[in-house]
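All of the numbers you see were taken from the coordinates with simple rules; none came from a lab. In this text, all values refer to a predicted model and were calculated from it rather than measured experimentally. Reconstructed Cβ throughout: ideal geometry from the backbone, glycine too, with neighbour counts over all protein chains shown.
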Amino acid sequence: MKKKDENISAMCRPTVGEAGRTGDWRDLRPVIDHSKCTPFVKKKAACYLCWLYCPEAVVKAGIPVEIDLEYCKGCGICAEECPSRAISMVREDQCND
Amino acid sequence: MTDARIITGNQAAAVAARLCDVQVIAAYPITPQSQLAEILSQFVESGQLRAEYVRVEGEHSAMTVCIGASTVGARVFTATSANGLLYMHEQLHWAAGSRLPIVMCCVNRGVGAPWSIFNDQQDSLAQRDTGWIQIYCRDNQEILDTVIQAYRIAETVYAPVMVCYDGFVLSHTMMPVVSPAPAAVRKFLPPYRPHTILDAANPLTLNSVLLPNRRPDAEGTLCDGYMEMRWKLQNALDRAPEVIREVNRSFAEAFGRDHGGMLWTHRTEDAEVILSGMGSLAAEATVAADALREEGIRAGVVGIRVYRPFPAKEAVEAFRGAKAIVLFEKSISYGYEGGLCSDLKAAFYGSGILAPIHDHVAGLGGRDVKARELVEAVKSSLARIQAGERDLKTTWLNCATE
Amino acid sequence: MPHNLFKIHEKEYVLPGTRACQGCGLSIAYRFALKALREDTIVTFPACCLCVLHGLYPLTPVLVPSVNSTFAATAASASGIAAGLAALNRTETTVVAFAGDGGTFDMGIQALSGAAERGTDFIYVAYDNEGYMNTGTQRSSATPMGALTTTTPVLTKQQHKKDFLKIMEAHQIPYVATTTPAYPIDLYDKFVRAKRIKGTRFIHIHTPCPPGWQYPTKDTIRIGRLAVDTGLCVLFEVENGKFRFTGRSRTLAEKGNKLPVVHYVEKQGRFKKMSIEQLNQLQAWVDDRWEEYRRRAAESK
């Protein structure tokens, strides 16, 4: 039997992607040049300002740093704030995939 | 063990709230409710009632505090009157839409402008469409009993209940009232169980935006759009009469007092003319009906106890057989007629009841309405009806309208 | 990770894929506020940008129990939640009201003043994006002088921003602080501190808003920092009446190298019609407040 909505008032449950795949909003994609990225170069947990300032919590503070492009909205804060200029914002239509 | 005491309507309501073990009270003083807010403060500060009393800075906040506390699972109580109730209006909708079993006493008073501190029922009637159950009381005993019943109704239906009683006429008038034993009330009223538990283990966001259309959840179950969720409220109120009647029956069994469920009748069996109204005015109409019978006019009374949900089916049964219907209302829908009059006419549509209905607006802003004035009004109505008049415009009783 | 980032609670309480705008200052602020507050928290908020972030039924990206309320009612909603929890002996749960400047400086002031006067045990957060951003950038009493909004579309806002922090301080509550998502660690620390205090705590968050303030989404942190560097946003906290600068504002106060407000103003489209006279008035307003804060900091030492 198909499940029914039994809620009698509006109660929302947590999920990833509440607003859909917000990566679709993006015009510019953050591309990391790991040869410039501090944690990758120093091989230790360091800097991570991209993780700190990300409004969407889509930056994974590991070695190497990863960005979840499924949900990254492409605001460009990480590229702007990167002290070693390791992130560049590239037009989506100029990305290879 | 029961004890009967001579107390005011406000005292009766306060005693009832204490008997119901309310856990959070939020109130803001307004005449004629103030005494109720004061008595409850006395109960809490003297340790007679273990509750959080939030002395809010306004009625909008009073209802909001009730909403917040009820959401996390506390049994809450508030009371207000007139402009205080109007100031709550936004939150009345919010409480009902959140499906919270809040119980509030509305100590009925006329609304400004111009100011009046005295009784009529314009305040609660103006809240008709907020999704609240509205019950109107005749006397102080019924106030006490109805507050207790209201919690059981509210916590079964998951809808808020407004217990309405006339300012000064009941709120400040002393009458003998029997107070049931606390243990018996606890047995009648089980502890409140919220429909949603808010805790860290199950983090929910409540009352978010709903879209016009339905939307699936993470498991693919198609969940309500705004209309479905609002329909659930309507459906709950549609089904509430069953609960209200059952609660009335159980209450009568447990405490020996039957206030009539959705409506009550007085000598209607053979009545050719039926008087009707709500609250203390309907009680006054029973005195008028008895007087009319003394004069050989077979009169009876239907008292509308629950105004929302409207007792349409019961009304058809109760009024059937009447050759004339005379209504007395302490409010009006400006530009038309009394709200009760419109609702009864709508209920009668297609039922075969074709008796002429004469609506009276009476007692606005505390103007006294005596039984003998009701008697005269009924006699005048009957004379006009017997003379063949059918287009009976609403009469403002006891009012200089020239 | 630098030493001060390690102390930040790892768990994210806002899952990716929210409805908030690109580069949203509130998203950053909320992210770190919830990290500091953690699970045992109930948040209440009115119809505002945060309501949008919390998503549409039946889903939400947020992992903390939350309750929507109406616009004027945020602090009263928190009062009710706190009273309900107290009645149920659940006082260990932190109650947090989160409203914008419209819901705080304007419509919510009565409920907030009442709750603060009663000493309600909760944290009230005003995330101040200086206008009604959720409804399309209308003027609020928190909009700064000279800003274009959709209801001051030709002449710009003629009045200074309401000094709401003074109003909250006048309630003599145990904790008043102001912070910004441009300094997430300052923000995080203030929430950690507030969480430990009982009674009414008030945190003001100066919250850059790319669409409302008309600057590129990448500049949210930069604009927030400039607000601090120019003294438009002063990072401080007042605990039990004792004032102290924090973070970048403390450095500025010590070194005396505050920047002129023009550096902040010129980077935002909303100030493009600001007159020289308004700019001077804004500078004087900032300088007066700054001097007052410095005096208070010196007195508190």
Quiz item: What nm distance separates the two modelled labels at B:Arg249 and B:Ser342, each placed 7 Å from Cα along Cα→Cβ?
Solution: 3.4 nm
Quiz prompt | Vicinal HN-Hα couplings computed from phi for the range B:109-118 (Karplus, 6.51 cos²θ - 1.76 cosθ + 1.60; Hz; Gly/Pro x) | solution = 8, x, 9, x, 9, x, 5, 9, 9, 9
Quiz item: About the Cα centre of the range B:3-188, what is the dipole size in debye to 20, counting +1 per Lys and Arg Cβ and -1 per Asp and Glu Cβ, all else neutral?
Solution: 420 debye
Quiz item: Fully extended, how many nm does the chain gain between B:Ala387 and B:Arg320 (0.36 nm per residue separation, minus their Cα-Cα distance)?
Solution: 21.9 nm
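For the protein assembly as shown, what does -39500 (n - 2.57) per DSSP helix run (n ≥ 4), summed and divided by total residues, give at 222 nm, in deg cm²/dmol to the nearest 500?
Helices in the protein assembly as shown give a 222 nm mean residue ellipticity of -11000 deg cm²/dmol.
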Quiz item: Tally Lys/Arg at +1 and Asp/Glu at -1 over every other residue whose Cβ is under 12 Å from the Cβ of A:Trp25; what's the total?
Solution: 0
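Rounded to the nearest 0.05, what FRET efficiency is calculated for B:Glu219 and B:His195 with R0 set to 22 Å and r the Cβ-Cβ distance? Walk me through the numbers before you get to the answer.
Values: r = 20 Å, r/R0 = 0.91.
So the FRET efficiency works out to roughly 0.65.
Please work out whether the range C:25-118 counts as rounded, prolate or oblate from its C-alpha gyration tensor, where a ≥ b ≥ c are the square roots of the eigenvalues and a/c under 1.5 means rounded, while otherwise a/b larger than b/c means prolate and anything else oblate?
Numbers: a/c = 1.63, a/b = 1.08, b/c = 1.50.
Cα axes put the range C:25-118 in the oblate bin.
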Self-check item: Nitroxide proxy distance, nm - points 7 Å out along Cα→Cβ at C:Ala170 and A:Ala45
Solution: 4.7 nm
Self-check item: Centre separation in Å (Cα based) which lies between the range B:128-198 and the range C:171-249
Solution: 47 Å
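Given a Förster distance of 35 angstrom, what is the FRET efficiency for C:Glu292 paired with B:Ile117, based on the Cβ-Cβ distance and rounded to 0.05?
It comes out at approximately 0.15.
Charges at C-beta only: +1 for Lys and Arg, -1 for Asp and Glu. How large is the resulting dipole of the protein assembly as shown about its Cα centre, in Debye rounded to 20?
Details: 90 positive and 87 negative charges, 483 e Å.
Its charge dipole is roughly 2320 debye.
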Quiz item: What residue among A:Pro14, A:Pro55, A:Pro39 has the largest mean-square fluctuation in a Gaussian network model of chain A, using Cα springs under 10 Å?
Solution: A:Pro14
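Counting only other chains, and only Cβ atoms inside 10 Å, what mean value do you get across the residues of A:72-79? All intermediate terms of the calculation are to be shown ahead of the outcome.
Numbers: counts 2, 10, 4, 11, 7, 13, 2, 1.
Neighbouring Cβ atoms belonging to other protein chains average 6 per residue here.
Is the shape of chain B best called rounded, prolate or oblate, per the rule: a/c under 1.5 gives rounded, else a/b larger than b/c gives prolate, else oblate, with a ≥ b ≥ c the square roots of the Cα gyration tensor eigenvalues?
Details: a/c = 1.79, a/b = 1.43, b/c = 1.25.
Because a/c hits 1.5 or more and a/b exceeds b/c, chain B counts as prolate.
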Quiz prompt | Karplus 3J(HN,Hα) series, Hz, for the range B:251-263 with 6.51 cos²θ - 1.76 cosθ + 1.60 (x for Gly, Pro) | solution = 5, 4, 5, 6, 10, x, 10, 10, 9, x, x, 6, 8
Quiz item: Hey, in the GNM for chain B with a 10 angstrom Cα cutoff, which one of B:Asp238, B:Asp123, B:Asp391 fluctuates hardest?
Solution: B:Asp391
Quiz prompt | Where trypsin sites (Lys or Arg not before Pro) fall in DSSP loop in the range C:191-221, at most 14 other Cβ within 10 Å | solution = C:Lys198
Quiz prompt | Cα centroid separation - the range C:53-84 against the range A:1-57, whole Å | solution = 23 Å
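Tally Lys and Arg at +1 and Asp and Glu at -1 over the other residues with C-beta under 12 Å from the C-beta of B:Pro101: what net charge comes out? Each step should come with its number before you reach the end.
Values: positive: B:Arg75, B:Arg99, B:Arg152, B:Arg193; negative: B:Glu155.
Its environment carries a net charge of +3.
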Practice problem: Any of C:Lys166/C:Lys190; A:Lys44/A:Lys73; C:Lys162/C:Lys273 with alpha carbons more than 23 Å apart? Name them for me. | Solution: A:Lys44/A:Lys73
Quiz item: Tell me, what ³J(HN,Hα) does each residue in the range B:8-20 have, in order and in whole Hz, if you take phi through Karplus 6.51 cos²θ - 1.76 cosθ + 1.60 with θ = phi - 60° and put x for Gly and Pro?
Solution: 7, x, 5, 5, 4, 5, 5, 4, 5, 4, 5, 4, 7
Quiz prompt | Size-normalised alpha-carbon gyration radius of the range B:320-402, reference 2.2 N^0.38 Å | solution = 1.09
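Could you pull out the longest piece of chain B with no exposed loop chymotrypsin sites (Phe, Trp or Tyr not before Pro) in it, calling a site exposed if DSSP puts it outside H, G, I, E, B and it has at most 11 other Cβ atoms within 10 Å? Walk me through the numbers on the way to the answer.
Values: sites that count: B:Trp115, B:Tyr334, B:Tyr336, B:Tyr349.
Within chain B, the longest run free of exposed chymotrypsin sites (Phe, Trp or Tyr not before Pro) spans B:116-333.
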Practice problem: Can you check what the net charge comes to around B:Ile135, using other residues whose Cβ is under 10 Å from the Cβ of B:Ile135 (Lys, Arg +1; Asp, Glu -1)? | Solution: +1
Quiz item: What are the aspartates and glutamates whose alpha-carbon lies under 19 Å from the alpha-carbon of C:Lys267, with same-chain residues fewer than 8 places away excluded?
Solution: A:Glu80, A:Glu81, C:Asp128, C:Glu130, C:Asp219, C:Asp229, C:Glu277
Self-check item: Simple Cβ-charge dipole of the range C:3-300, Lys/Arg +1 and Asp/Glu -1, about Cα centre, in debye nearest 20
Solution: 400 debye
Quiz prompt | Pairwise centroid distance, computed over Cα atoms, of the range B:7-61 with the range B:253-308, Å | solution = 31 Å
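Between B:Ala184 and C:Glu10, how high is the FRET efficiency from 1/(1 + (r/R0)^6) when r is the Cβ-Cβ distance and R₀ = 45 Å? Nearest 0.05. Don't skip to the answer; put the middle values down first.
Values: r = 54 Å, r/R0 = 1.21.
Here the calculated transfer efficiency is 0.25.
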Exercise. With springs connecting C-alpha atoms under 10 Å apart, model chain C as a Gaussian network and identify which of C:Val261, C:Val52, C:Val125 has the largest mean-square fluctuation.
Key: C:Val52
Self-check item: Label-point gap, in nm, between C:Val192 and C:Lys301 - each point 7 angstrom along Cα→Cβ
Solution: 2.6 nm
Practice problem: Answer rounded, prolate or oblate for the range B:3-188, using the Cα gyration tensor with square roots of eigenvalues a ≥ b ≥ c: rounded when a/c is under 1.5, else prolate when a/b is larger than b/c, else oblate. | Solution: rounded
Quiz item: Among C:Ile8, B:Gln48, C:Thr143, whose Cα lies farthest out toward the positive end of the dipole of the protein assembly as shown, if unit charges sit on the beta carbon of Lys, Arg (+1) and Asp, Glu (-1)?
Solution: C:Ile8
